[in-house]
1. Of the conditions (1) without any contact (Cβ under 8 Å) to a residue 12 or more places away in the chain; (2) part of a loop (DSSP other than H, G, I, E, B); (3) over 28 Å from residue 121 (Cβ atoms); (4) of a type in the set (Val, Ile, Thr), residue 65 clears all except one; give me its number.
2. If you check residue 144 against the conditions, is it surrounded by 10 or more Cβ atoms within 10 Å (Cβ to Cβ) and not assigned by TED's automatic domain parsing to the domain that holds residue 20?
3. Between residues in the range 31-48 that are under 17 Å from residue 113 (Cα atoms) and residues that are surrounded by 13 or more Cβ atoms within 10 Å (Cβ to Cβ) and β-branched (Val, Ile, Thr), which pairs lie under 6 Å by C-beta distance while being six or more apart or on different chains?
4. Which condition number in (1) surrounded by 10 or more Cβ atoms within 10 Å (Cβ to Cβ); (2) modelled with pLDDT under 90; (3) not assigned by TED's automatic domain parsing to the domain that holds residue 135 is the one that residue 114 fails?
5. Working only within the range 68-108, note down all residues that are at pLDDT 90 or above, surrounded by fewer than 10 Cβ atoms within 10 Å (Cβ to Cβ) and over 30 Å from residue 149 (Cα atoms).
Amino acid sequence: FKALQADKKGFVLVPTGSGAALDGVITKAYEQKQGFITGYWAPTSLLVKYPMLMLQGPHDEAEWTRCTSKPDCPDPKVNYWVPAEEVTVASAAFMKRDDVAEAKEYFAKRSWTRAEVGKIMLWMTDNQANGEDGAKWFIKNMPEVWTKWVSADVAEKVKAAAN
């Protein structure tokens, strides 16, 4: 906020105190068509329900350490977040096993976008669904994503079990 001099552009800093309060502020501003700038994370159902433009710019790691990561830094410079890398990890013992080739192949293929995960999260939020319900919805409604991760015969078995 300080680095962008947002106050000079008519924006007001609204401390929210919690994730739920931040969601409420974003929802209200979006639905009332008010301009706003916020820090938020993805994937989330909120960003699917209310599509937003991600501000992008340079990232300076030294500046991040010096000031950006410190809430009370008096002289911040404009500095953007670096997207976090998402990875699947497995123990060394698992990776040495010969009897888990199919599982290793699955993990090597499994990949999805923020938008795909966000779509599932939005369905779960809108339907007050738990993880199991979300997984079942995903299998039934997004086969174009997950069937790439498994063999055709496994995909058919999963589809049959989901019905």
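1. With (1) without any contact (Cβ under 8 Å) to a residue 12 or more places away in the chain; (2) part of a loop (DSSP other than H, G, I, E, B); (3) over 28 Å from residue 121 (Cβ atoms); (4) of a type in the set (Val, Ile, Thr) applied to residue 65, the lone miss is (2).
2. Working: surrounded by 10 or more Cβ atoms within 10 Å (Cβ to Cβ): no; not assigned by TED's automatic domain parsing to the domain that holds residue 20: yes.
When the stated conditions are applied, residue 144 does not pass them.
3. Hits for this filter: 43/117; 45/125.
4. Among (1) surrounded by 10 or more Cβ atoms within 10 Å (Cβ to Cβ); (2) modelled with pLDDT under 90; (3) not assigned by TED's automatic domain parsing to the domain that holds residue 135, residue 114 violates only (3).
5. Hits for the range 68-108 are 72, 74, 75.
The values are calculated or read from the model by the stated rules, or taken from the named source; none is laboratory data. These figures come from a predicted structure and were not determined experimentally. Cβ sites come from the backbone with ideal geometry, for glycine too, and all protein chains shown count toward neighbours.
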